[in-house]
Amino acid sequence: MTKRALVIANGEPPKKQLLQSLARESGVVICADGGANTALKFGILPDAIVGDLDSIHAEALVKFHKVPTYEDRDDESTDLEKAIAWALKQKYDHIVVIGASGRRIDHSVGNLGVLPKFYPDAVIRFIDDLGELVYVGRGITFDAKRSDVISLIPLSRCEGITTQGLKYALDDEALELGVREGTSNVVVNTPVTIKVQKGHLLLYKLFARP
């Protein structure tokens with residue numbers, strides 16, 4: 001049985017309507033440290049607050065004083081990693097993360113590492129107002145509408161990439177940042193299939209515009 005969790009990180013949140021909808025769909029809402037500030041702002045009561053607690057505002061601490069709070073000062077992991085690890089310990093295997101990107105590009109890029117790090121123990125999706133980012137693993141198949149836009153983002157050199165259903169098809173080819181990227185491809189047939197023999201490849205799916 002799928003157990004869904006929402007992790008609110010301390011980055012740029014999506015619009016209130018989307019955030020509240022994701023919270024309703026989740027079995028638990030976890031704030032990664034300063035993500036509690038976002039929860040307070042948007043009127044969401046979290047089920048847990050996890051992190052080193054150096055970013056949460058005093059107002060949020062007071063408002064959420066009854067919320068179970070787990071302080072973890074491990075310098076070898078980020079607050080987002082701590083929140084995801086906590087969710088996994090509670091047996092949540094489908095995790096949506098919002099607020100993973102923001103003004104600090106080092107935090108935004110660093111957060112991408114959790115996608116392969118926790119695979120395959122959990123299916124993790126980063127969601128913002130424009131789309132969602134997932135880890136491909138060795139392969140992924142999904143339904144999409146024709147003309148939907150997707151991007152393939154290699155975290156490392158990715159080899160043996162083969163796709164079906166995309167306008168710019170790949171046939172046992174490689175992608176690598178700074179060499180060849182896979183930005184803004186277009187769906188022409190569904191389902192879309194992406195297979196990877198080696199490397200860490202991310203898939204960004206742009207939400208269909210009305």
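The values are calculated or read from the model by the stated rules, or taken from the named source; none is laboratory data. Nothing here was measured: the structure is a model prediction, and the numbers come from that model. Positions of Cβ are backbone-derived with ideal geometry, glycine not excepted, and every protein chain shown enters the neighbour counts.
The single residue among Leu22, Leu40, Leu6, Leu53 that is of a type outside the set (S, T, N, Q) and touching a Ser or Thr at 6+ places or on another chain (Cβ under 6 Å) turns out to be Leu6. Looking only at residues of the range 148-164 that are part of a strand (DSSP E or B) and of a type in the set (A, V, I, L, M, F, W, C), we find that the one that is surrounded by the most Cβ atoms within 10 Å (Cβ to Cβ) is Cys158.
Only residues that are over 20 Å from the mean Cα position of the chain (by Cα) and surrounded by fewer than 13 Cβ atoms within 10 Å (Cβ to Cβ) were counted across the range 187-210, and they come to 4.
Each row is one residue, and each column tells you yes or no for (1) assigned by TED's automatic domain parsing to the domain that holds Asn10; (2) of a type in the set (Lys, Arg); (3) not in a loop (DSSP other than H, G, I, E, B).
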site	(1), (2), (3)
His107	yes, no, yes
Gly110	yes, no, yes
Pro116	yes, no, yes
Asp121	yes, no, no
Arg125	yes, yes, yes
Lys145	no, yes, no
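Quick check: is even one residue across the range 101-109 over 14 Å from the mean Cα position of the chain (by Cα) and over 21 Å from Lys15 (Cα atoms)? Yes: one or more hits. Taking the condition of a type in the set (Lys, Arg) and either farther than 20 Å from Val28 by Cβ or touching a Gly at 6+ places or on another chain (Cβ under 7 Å) (or both), does Arg138 pass? When the stated conditions are applied, Arg138 passes them.
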